[in-house]
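Presented below is the structure to which this report refers.
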Amino acid sequence: MNKSVLVVCTGNLCRSPYAEYRLRELCPDLAITSAGLQVTEHHLEGKKADKVAIQVAKEMGIDLSQHKAMQLNEALVDAYDVILVMEREQQELFCELFPYANYKVYLFGLWNGGVNIDDPFNKGQLAFRLAFNMIDNAVKSWSNKLMQ
């Protein structure tokens, strides 16, 4: 069984926090957190989750109100056994930034047809519901793999 999972997206405001909290529900024995590839670049460090993300997540039973964005860094990469990204482009960027750790980064939608989970930021509630439903499906698949 893997002991720790890091979920990564772009700004750590929408997809990765939701996935982190949902994974924690199904894998309570694992250390799980989230971070973003471009948090510092977009001046998002310490920012709360997106307001629409908080609202839609709450409707789906997840409380993101205490989440604060965190930049992905080498210490986090080193500390986690499995790293899950939302899009193939993020996987490529991760492998460029941390080539020594490319063996532990996977697409979050890997077990669901290898789908990208597109960023719903600034695209309204429907985009968030779609992204979060895709995350929920992927979480079910990953929880089975991670708890083996």
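Annotations for the structure displayed:
- Flag for Cys27 being touching an Asp or Glu at 6+ places or on another chain (Cβ under 8 Å) and not small (Gly, Ala, Ser): no
- Flag if Gln38 is farther than 22 Å from Trp142 by Cα, outside any loop (DSSP other than H, G, I, E, B) and either among the aromatic types (Phe, Trp, Tyr) or touching a residue at least 12 places away in the same chain (Cβ under 8 Å) (or both): no
- Of the helices (runs of 4 or more DSSP H) contained entirely in segment 61-148, those carrying at least 3 residues that are of a type in the set (A, V, I, L, M, F, W, C) and either buried (at least 16 other Cβ atoms within 10 Å of the Cβ) or in contact with a helix residue (DSSP H, G or I) (Cβ under 7 Å, 6 or more places away or on another chain) (or both) fall at 88-97, 125-146.
Here, each number is a calculation from the coordinates, and none is a lab measurement. Note that this is a predicted model, so its numbers are computed, not measured. Quick reminder, even Gly has a Cβ in these numbers, built from the backbone with ideal geometry, and neighbours come from all protein chains shown.
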